[in-house]
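One structure below.
The values are calculated or read from the model by the stated rules, or taken from the named source; none is laboratory data. Everything numeric in this text was worked out from a predicted model, so none of it was measured. Here Cβ is always computed from backbone atoms with ideal geometry, including for glycine, and neighbour counts include all displayed protein chains.
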Amino acid sequence: MPTNAKRLNIDQISRSVKCGKIHYFDSIDSTNSWLLKHGQCGDICISETQSAGRGRRGNTWLSSNNGNIYFSICWCFDEMTEYWSLLGLVTAIAISEALNDIGLSGHGIKWPNDIFWNEKKLGGILLETTNQSGKVIIGIGLNISFSSDMSDEIEQEITSISEAMDYKDISRNHLVLHIIQRLQKKLSTFKSLDFDDFVKTWRVWDILQNRRVHFYHQGLKVSGKVVKIDRHGRLGLLKESGKLCFYSSADIKLTTLGDSR
Ligand code: BTN
């Protein structure tokens, strides 16, 4: 249980959102893992802490005792869509909009789906598919307050919503509620996603647009200016040679940002 944060009020969340069952724990290995084993379509799993939280690319997602947010949604799509690979990006937009709802500003998305504020990571998303066709687990981790014991163990710079909001008291309940509501709305209309509308919204939150980035792809250093996202959610980079190349998140780990915009 968090030491300096109130437990979530699950009754209030249940009353305000229409979903499957909300499974709430003080501590669990991972909310994604729990739903992968037990989740029914529409279920939500929330835990105050995780003992074996997982991040993208096989990373560990550390848990603190500071009332950070760890939850996952099990969603079933009845038909496949050509935009399947945009799901993580759409989830990141829902979270960014929810953060805006609770009064945060200056945050954005670092492709593909990291939530950033002031060039530091505030939260992340882990999407996992199940062996049941169309069933996905969407896991969301958000730093509410910074815990010094975490910073030593994390390679990249991290921040917290509390820091980003000048240590104002924030309601975790409201934030979780807004994220669930925003996300459920996007998920239920996902199969009829309009790509041009998606791109317009993506641009509102994208922190990489027109910036130079560097990363390694198949052992080679790649640099270029971010110019677009394509229909597969790939990052379009304009190389110095003038060539436009697309990279998928499965191929690269984007760590370094350039200075010039
Ligand atoms: C990332 O690497 O940026 C993704 C982090 C995702 C963490 C969340 S916390 C809730 C859910 N359960 C997990 O084990 N991981 C996700």
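Observations
- Residue selected from segment 173-219 under the condition in contact with a Ser or Thr (Cβ under 8 Å, 6 or more places away or on another chain) and basic (Lys, Arg), by the criterion farthest from Arg15 (Cα to Cα): Arg212
- Conditions (1) closer than 26 Å to Phe246 by Cα; (2) outside any loop (DSSP other than H, G, I, E, B): number failed by Glu97: (1)
Let's see how each residue does on (1) at pLDDT 95 or above; (2) over 17 Å from Asn66 (Cα atoms); (3) out of contact with any Leu (no Cβ under 7 Å at 6 or more places or on another chain); (4) not in a strand (DSSP E or B):
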| position | (1), (2), (3), (4) |
| --- | --- |
| Ile125 | yes, yes, yes, no |
| Gln132 | no, yes, yes, yes |
| Gly141 | yes, no, yes, no |
| Phe146 | no, no, yes, yes |
| Asp149 | no, no, yes, yes |
| Glu155 | no, yes, yes, yes |
| Glu163 | no, no, yes, yes |
| Tyr167 | no, no, yes, yes |
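- Flag for Asp166 being touching a helix residue (DSSP H, G or I) at 6+ places or on another chain (Cβ under 9 Å) and acidic (Asp, Glu): no
- For segment 209-223, the candidate set comprises residues that are in a loop (DSSP other than H, G, I, E, B) and free of Cβ contacts under 8 Å to residues at least 24 places away in the same chain; within that set, the residue that is farthest from Phe116 (Cα to Cα) is Gly219.
- Checklist (1) part of a loop (DSSP other than H, G, I, E, B); (2) on the phi > 0 side of the Ramachandran plot; (3) within 14 Å of the ligand (Cβ to nearest atom) applied to Gly103, failing item: (3)
- Residue in segment 5-24 that is modelled with pLDDT under 95, in contact with a Ser or Thr (Cβ under 8 Å, 6 or more places away or on another chain), away from the ligand (no atom under 12 Å from the Cβ) and on the phi < 0 side of the Ramachandran plot present: yes
- Set Ser63, Ser72: member being within 13 Å of the ligand (Cβ to nearest atom), among the small types (Gly, Ala, Ser) and part of a strand (DSSP E or B): Ser72
- Condition met for Ser51 (within 11 Å of the ligand (Cβ to nearest atom), surrounded by fewer than 18 Cβ atoms within 10 Å (Cβ to Cβ), modelled with pLDDT of 90 or more and more than 17 Å from Ile137 (Cβ to Cβ)): yes
- Which listed residue is surrounded by fewer than 16 Cβ atoms within 10 Å (Cβ to Cβ) and not in a strand (DSSP E or B), from Gly236, Gly242: Gly242
- Considering residues of segment 109-119 that are under 14 Å from the mean Cα position of the chain (by Cα) and either closer than 14 Å to Asn143 by Cα or away from the ligand (no atom under 15 Å from the Cβ) (or both) only, the residue surrounded by the fewest Cβ atoms within 10 Å (Cβ to Cβ): Asp114
- Number of residues in segment 17-33 that are surrounded by fewer than 21 Cβ atoms within 10 Å (Cβ to Cβ) and assigned to a helix (DSSP H, G or I): the value is 1.
- Residue in segment 178-198 that is of a type in the set (Val, Ile, Thr) and assigned to a helix (DSSP H, G or I) present: yes
- For the criterion of being more than 23 Å from Lys191 (Cβ to Cβ) and in contact with a Phe, Trp or Tyr (Cβ under 8 Å, 6 or more places away or on another chain), Gly106 passes.
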